[in-house]
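Accompanying notes for the structure given below.
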2 protein chains.
Amino acid sequence: MFVIITYDVGEKRVNKVCKKLREYLTWTQNSVFEGEISKSLLMRCLYELELIMDKEEDSIYIYQVANPKNIKKQVFGQEKNFDELFI
Amino acid sequence: MFVIITYDVGEKRVNKVCKKLREYLTWTQNSVFEGEISKSLLMRCLYELELIMDKEEDSIYIYQVANPKNIKKQVFGQEKNFDELFI
């Protein structure tokens, strides 16, 4: 499935959340990750995020599209890929 | 259609982009807007965003899902709606 994960988390946890998501998805904008992922891997990723986040303060959204053909991405301006910057 | 728009724009343009998007969609996370919108309204919104943004620096992603039933949103932690905070 195709997944977009966006997050808005406390400063202390930003790096941890970001690092965790980089293990599973592609980092395409400041607080946006996306990519294709299996259901089981996504479940593991979300379980690990739950251990890091503070549910009273933080906000993580997971948008799932079962068939990647059903979602179309359009880019205005720069298309970023932070992962490439860190290789 | 259902649309998610995420942005990463220069500080000088953040407020303008945000204000413009609030005319069309729901503000659900720091730099994330979402909602159902017609193709023609989306085109108008994007045209107006193009006038505000700096294509050399800024990055705006538009994820479109024709049938809203094909996308599932899961929320971890807080579900925010900044629009409600400003009423």
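The values are calculated or read from the model by the stated rules, or taken from the named source; none is laboratory data. Treat the numbers as computed from the prediction; the structure is a model and nothing was measured. Cβ placement follows ideal geometry from the backbone for every residue including glycine, while neighbour counts extend to all protein chains displayed.
A few comments on the model shown:
- Breaking point among (1) exposed (fewer than 15 other Cβ atoms within 10 Å of the Cβ); (2) more than 24 Å from A:D54 (Cα to Cα), for B:V9: (1)
- Matching residues, the range A:50-78, being basic (K, R), closer than 22 Å to B:N70 by Cα and not in a strand (DSSP E or B): A:K69
- Meets criteria (in contact with a Cys (Cβ under 8 Å, 6 or more places away or on another chain) and surrounded by 12 or more Cβ atoms within 10 Å (Cβ to Cβ)) for B:L21: yes
- Being in contact with a strand residue (DSSP E or B) (Cβ under 9 Å, 6 or more places away or on another chain) and either loosely packed, with under 13 Cβ neighbours inside 10 Å or not in a helix (DSSP H, G or I) (or both) is not true of A:Y47.
- Checked against the criterion of being farther than 20 Å from B:F76 by Cα and in contact with a Ser or Thr (Cβ under 7 Å, 6 or more places away or on another chain), the candidates A:Q74, A:Q29, A:Q78 yield just one match: A:Q78.
- B:L41 vs. criteria away from every other protein chain (no Cβ under 11 Å) and more than 24 Å from B:E11 (Cα to Cα): yes
- Checking B:D58 against (1) of a type outside the set (V, I, T); (2) in contact with a helix residue (DSSP H, G or I) (Cβ under 7 Å, 6 or more places away or on another chain); (3) within 10 Å of another protein chain (Cβ to nearest Cβ); (4) over 22 Å from A:Y7 (Cβ atoms), the condition it does not meet: (4)
- Entry remark, the range A:44-55: residues being facing another protein chain (nearest Cβ under 7 Å) and touching a helix residue (DSSP H, G or I) at 6+ places or on another chain (Cβ under 9 Å) number 2 in total.
- Qualifying residue in the range A:12-27 (condition: modelled with pLDDT under 95 and either farther than 28 Å from B:E56 by Cα or within 11 Å of another protein chain (Cβ to nearest Cβ) (or both)): no
- Selection from the range A:31-87 of residues that are among the aliphatic types (A, V, I, L, M), free of Cβ contacts under 8 Å to residues at least 24 places away in the same chain and farther than 30 Å from B:E56 by Cβ: A:L41, A:M43, A:L46, A:L51
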